[in-house]
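The next block holds one structure in the form of structure tokens; read it before the comments.
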Amino acid sequence: MSQPQPPQSAKLVIGLFTRQKDLFHPIAAALSERFGAIDMISSWFPFDYTNYYETEMGTGLFRRMVVFKQLIGQDALSTIKLATNTIEKDYCESGKRRVNIDPGYLLLERFVLATGKNFAHRIYIGHHIYADLTLIYTQGNFQTLPWTYPDYAGDEMIGFLKKVRKKFALDLKVGA
């Protein structure tokens, strides 16, 4: 019989995309106020994998990732998604989002995103939120899955997440 074990704490990783890069600093401040000190920030990545968001947010979108120092419980992901949804709403203009905020967490073996949309591979985690297993880490690298969003499968993103994973491994070693 397997014995239940407490889940490992995870590294909170939040992606945001917008066409208005000047929104980054106030949104990062709002995220930091809610989730603590920021540990890492990615460069800007072009977000040109889909036109799904054009009607609402316009064209010329860019993504940036924000990683937090404080580790989180994996079971906090649904409430974190609700909090980031509130921040998105705070920055809406004329009923349209100017920023999309995607929270997730990283463990040594996987990267998981939160979403409000159900699908066959997503697991319900409470508060009308689902967990999306986005990437797995095996054989020395992150591996995509058939449903991995194209922007999370790109070389720049994978490279950044490998740096986050390395930092997370160090955090675990020193007991951060």
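The values are calculated or read from the model by the stated rules, or taken from the named source; none is laboratory data. The model shown is predicted, which means the values in this text are computed figures rather than measured ones. Here the Cβ positions follow ideal geometry from the backbone for every residue, glycine too, while neighbour counts run over all protein chains shown. Each accessible area value is taken on the protein alone, full model and side chains, heavy atoms only, with ligands, DNA and RNA left out. Shrake-Rupley method; radii C 1.70, N 1.55, O 1.52, S 1.80 Å.
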Filtered residue count, the range 38-48, keeping only those that are in contact with a Phe, Trp or Tyr (Cβ under 7 Å, 6 or more places away or on another chain) and either among the small types (Gly, Ala, Ser) or in a helix (DSSP H, G or I) (or both): 1
Starting from the range 135-148, take each residue that is within 10 Å of residue 111 (Cα to Cα) and list its partners that are surrounded by fewer than 17 Cβ atoms within 10 Å (Cβ to Cβ) and acidic (Asp, Glu), counting only C-beta distances under 6 angstrom and pairs at least six apart or across chains. 137/109
So, in the range 125-165, exactly how many residues are open to solvent by 30 Å² or more (accessible area, probe 1.4 Å), among the hydroxyl-bearing types (Ser, Thr, Tyr) and either under 18 Å from residue 102 (Cβ atoms) or under 15 Å from the mean Cα position of the chain (by Cα) (or both)? 3
Take the range 10-28 and flag every residue that is out of contact with any Lys or Arg (no Cβ under 7 Å at 6 or more places or on another chain) and either buried (at least 20 other Cβ atoms within 10 Å of the Cβ) or modelled with pLDDT under 95 (or both). 10, 11, 12, 13, 14, 27
Does residue 91 satisfy being of a type outside the set (Val, Ile, Thr), open to solvent by 10 Å² or more (accessible area, probe 1.4 Å) and modelled with pLDDT under 95? no
